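Engineer: Pasting in a structure now, in structure tokens, and then I'll have a few things to ask.
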Amino acid sequence: MNKLKILSLSFGCFISAISYTNASTSSTRKWTSEEDERLVSLMNTHGEVWTTVAAQIPDRNQRQCRERWNNYLGSSDLAWTPEEDDLLVQKVKELGPNWPRIASFFVNRSPMICKNRWTANERRSREQQSQSSSLW
């Protein structure tokens, strides 16, 4: 399906231009578990050759594959150590939620993976507090 995009010029005039894009590749749909499995398999085979990897995942481009790998899948299978969790707590207290700076203190942890770990730990902590307070 093709879309018509309206472009505006900075001086306030509007012109219309036909810009053909493939709707299935330009949409921002969630990654499926099958796509994730395919991406992991391709990364194990080809490494970070994004052109090759993206060519083998329908409706995904190089940027999408790279970002999915770097931000969610690449190091998510590496278990967090208690020392890493302690460092994460320390750095969030010290720097606030500045995830790029925090991630620089970790090996193989992207800013998004650090943020996701922090969020998951916070959620677990809240749930435990809720459960213990409901017992009393």
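Engineer: Can you pull out the residues in the range 40-65 that are in contact (Cβ under 8 Å) with a residue 12 or more places away in the chain and farther than 15 Å from K30 by Cα?
Structural biologist: V40, L42, M43, E48, W50, V53, Q56, Q62
Engineer: Here's a follow-up. So P97 passes all but one of these: (1) assigned to a helix (DSSP H, G or I); (2) free of Cβ contacts under 8 Å to residues at least 40 places away in the same chain; (3) not aliphatic (A, V, I, L, M). Which condition number does it fail?
Structural biologist: (1) is the only condition that P97 fails.
Engineer: Take the residues in the range 80-100 that are of a type in the set (A, V, I, L, M, F, W, C) and within 19 Å of the chain's Cα centre (by Cα), then tell me which one is modelled with the lowest pLDDT. First the steps, then the outcome.
Structural biologist: Residues of the range 80-100 of a type in the set (A, V, I, L, M, F, W, C): 80, 87-89, 92, 95, 99.
In the following step, the residues that additionally are within 19 Å of the chain's Cα centre (by Cα) were identified as 80, 88, 99.
Numbers: W80: 89, L88: 96, W99: 92.
So, considering only residues that are of a type in the set (A, V, I, L, M, F, W, C) and within 19 Å of the chain's Cα centre (by Cα), the one modelled with the lowest pLDDT is W80.
Engineer: At least 1 residues that are surrounded by 11 or more Cβ atoms within 10 Å (Cβ to Cβ), at pLDDT below 90 and hydroxyl-bearing (S, T, Y) in each: list the helices (runs of 4 or more DSSP H) lying fully within the range 1-66 that qualify.
Structural biologist: Result: 23-26, 33-46.
Engineer: Search the range 101-130 for residues being touching an Asp or Glu at 6+ places or on another chain (Cβ under 8 Å) and surrounded by 17 or more Cβ atoms within 10 Å (Cβ to Cβ), and hand back the single one that is modelled with the lowest pLDDT. Spell out how you get there, then give the answer.
Structural biologist: Our first condition is that a residue be touching an Asp or Glu at 6+ places or on another chain (Cβ under 8 Å); within the range 101-130, this holds for 106, 109, 117, 121.
With the extra rule that they be surrounded by 17 or more Cβ atoms within 10 Å (Cβ to Cβ), the set shrinks to 106, 109, 117.
Numbers: F106: 86, R109: 81, R117: 91.
Checked the range 101-130; the qualifying residue modelled with the lowest pLDDT is R109.
The values are calculated or read from the model by the stated rules, or taken from the named source; none is laboratory data. Worth saying up front: this structure is predicted, and the values here are computed from it rather than measured. In this analysis, Cβ positions are derived from the backbone assuming ideal geometry, glycine residues included, and neighbour counts consider all displayed protein chains.
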